[in-house]
Amino acid sequence: MVNLAAQKILEDKFGFETFRQGQATVIDQIMAGENTLAVMPTGGGKSLCYQIPALLLPGVTVVVSPLISLMKDQVDALHENGISATFINSTLDYPTIRERLRMAANAEVKLLYLAPERLDTPAFRQDLGQLQISLVAVDEAHCISQWGHDFRPSYLNLAAALEDLPSQPPIIALTATATTQVAADICQRLRIAPDHEVKTGFARDNLAFQVIRDQDKDQFLLDYLKLNPGQSGIIYASTRKEVERLTNFLKKHKISVDCYHGGLSDQARRDAQEDFLYDRIQVMVATNAFGMGIDKSNVRFVIHAQIPGSLEAYYQEAGRAGRDGLLSDAILLFRPQDIQIQHFFIDQSEMDEAYKKTEYQKLQEMTQYANTPMCLQRFILRYFGDLSDEDCGRCSNCLDQRELQDITVEAQKVLSCVVRLHSNFGKSIGAQVLTGANTQRIRQLNLQELSTYGLMRGSSQKNVSGLIDYLTAAGFLKATAGQYPVLQLTQTGADVLRGNTKVARKQAVKAQRSLPEND
Ligand code: ADP
């Protein structure tokens, strides 16, 4: 049932007629004093889920958000709707902070935005304790979970700090990306009952997902941008160096482009972001430092020029396209060698071994996305625990017109080789053995003695590696987690070896003669 007072605020203050999916349920739960987790896609309308209760409840609503650069914009937007709000973060001096706390204590603001680090200082926690807090909203709540892709240590103290608040206000946690495991972790840390999780359809019906494999990246980008002139979009790359290279390359070809990454000055980043938001430049080339919380409605495409580290990161970044609901592209340019960059990031990180292992696992799932024959939207939804069985009909796999070919015999060769290698080796050795490579490593390990050595001698190692990726993505093989993943046979893989299951793959269509014969 829609809360009538909430409905009235929706119309009077925000100018919208109806609630979006999930919003009314979340608001009802909060108004009933229940801790709630809202998992809604980017652009789904999470902000209203706490802004409306903030206006219905007597005291102040504290919004914890890691997005310091956005707080001012969020507060300005509220002011435009005639709602009193302010923020406190590290960009302010001490007297200003005191003044803003005073305003909150005197109920002069309804919403107070805070960076999570604030809660680390006992003095500030004490100040907060003096306020009449009716609700706490934890935005980007996946940052609280070590299983999430964007874990922030400053979020760890949050739960304890909130428990200390004398008024014990209800908590609403919000995120656009939570696997079942991350959602459970958020619920446990913030004491949210699992049945108070509100998850709306994760599917983004206006996004056309595409995976483009093994193409010349630069040429693809140029062709795409020329075919879609004037459209606004983001190109993500994994490293600052690659961001700069791509930016210079596109500038040289007269594309209206700028770049954003952590190595630039605050001013340069701010300028680039504003130019993009106000359509003064068409394309932003960026690392993942760009975009969390960016509310630009007309982003028509998000292209990943290199594979990101996890599907959560991918879906969140790709989800920045099409917030206005119009059809938009989410394209991944996949080259197997780009996986190495992500490996490097994991190796270099200072996280413990268990954490690194989950990161490797996530990277593998991301790689499977790049190789899967199934509907890409469905693959993503399944990853987030939504077992929809409907194909989207828009993604590059759904639209792939190529014919399926029976590759059972080739698959059996690969699978039997994995069995002969006793699950001790990964893809690279597998491909070397199958193609009969005469490398030092093969000789050292004496693998030329295997019965499967040279079984696919006519194929290149690259093609066999691609086939192994395909069989892994399709579930006939699995790769163990870790820095050096080892291939293993799955149950369905064993069925293929026994001849009980067939394997099909869409093959490249051979070039056909289209011109009339010259006679
Ligand atoms: P999220 O935080 O989930 O990414 P936002 O809260 O920023 O999304 O909302 C995305 C856009 O949708 C905003 O422009 C917002 O004004 C709009 N919006 C939110 N709720 C509604 C609604 N019920 N009806 C129409 N538009 C809405």
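Just so you know, all these numbers are worked out from the coordinates, no wet-lab data involved. This is a predicted model, so every value here is computed, not measured. With ideal geometry, Cβ positions are generated from the backbone for all residues, glycine too; neighbour counts draw on all protein chains shown.
Brief remarks follow.
- Cα long-axis angle, helix 461-473 against the chain (0 to 90 degrees, to the nearest 10): 50
- Dipole moment magnitude, nearest 20 debye, the range 1-133 about Cα centre, only Lys, Arg, Asp, Glu C-beta charged: 140
- In degrees, nearest ten, helix 94-105 long axis to first principal axis of the chain (Cα): 70
- Listed residues 277, 373, 112: farthest to the positive end of the dipole of the chain (Cβ charges): 373
- For the chain, the relative contact order comes to 12 percent (Cα pairs under 8 Å, sequence separation of at least 6).
- Gap separating the Cα centres of the range 418-467 and the range 149-199, nearest whole Å: 47
- Only Lys, Arg (+1) and Asp, Glu (-1) charged, at Cβ; the chain dipole about Cα centre in debye: 1500
- Projected-area mean, the range 207-273, by convex hull of Cα positions, square nanometres: 5.4
- Cα pair distances in the chain, grouped into 10 Å bins until the bin that holds the longest one, percent each: 3, 17, 25, 24, 16, 9, 4, 1, 0, 0
- A viscosity of 1.306 mPa s and a temperature of 10 °C, combined with the Kirkwood radius over Cα pairs in Stokes-Einstein, give a translational diffusion coefficient for the range 332-435 of 96 µm²/s.
- Neighbour counting of Cβ atoms within 10 Å sorts the residues 73, 28, fewest neighbours leading, into 73, 28.
- As a proxy for reagent exposure, ranking 449, 197 by other Cβ atoms within 10 Å from fewest up yields 449, 197.
- Rounded to whole numbers, the Karplus 3J(HN,Hα) couplings from phi for the range 296-313 are 10, 7, 9, 6, 8, 8, 10, 10, 8, 6, 9, 5, x, x, 7, 5, 4, 4 Hz, using 6.51 cos²θ - 1.76 cosθ + 1.60 with θ = phi - 60°, and x at Gly and Pro.
- Subtracting the Cα-Cα distance of residue 181 and residue 419 from their residue separation scaled by 0.36 nm leaves 82.5 nm.
- A simple charge model with +1 on the Cβ of Lys and Arg, -1 on the Cβ of Asp and Glu and nothing else charged puts the dipole of the range 407-517 at about 100 debye relative to its Cα centre.
- Cα centroid of the range 339-358 to Cα centroid of the range 15-34, whole Å: 39
- Among beta bridges that DSSP assigns inside the chain, antiparallel share in %, nearest 5: 10
- Against the main long axis of the alpha-carbon atoms of the chain, helix 353-371 sits at an angle near 60°.
- Shown in residue order for the range 392-403 are the 3J(HN,Hα) couplings computed by the Karplus curve 6.51 cos²θ - 1.76 cosθ + 1.60 at θ = phi - 60°: 6, x, 10, 7, 5, 6, 4, 8, 5, 8, 5, 7 Hz (x for Gly and Pro).
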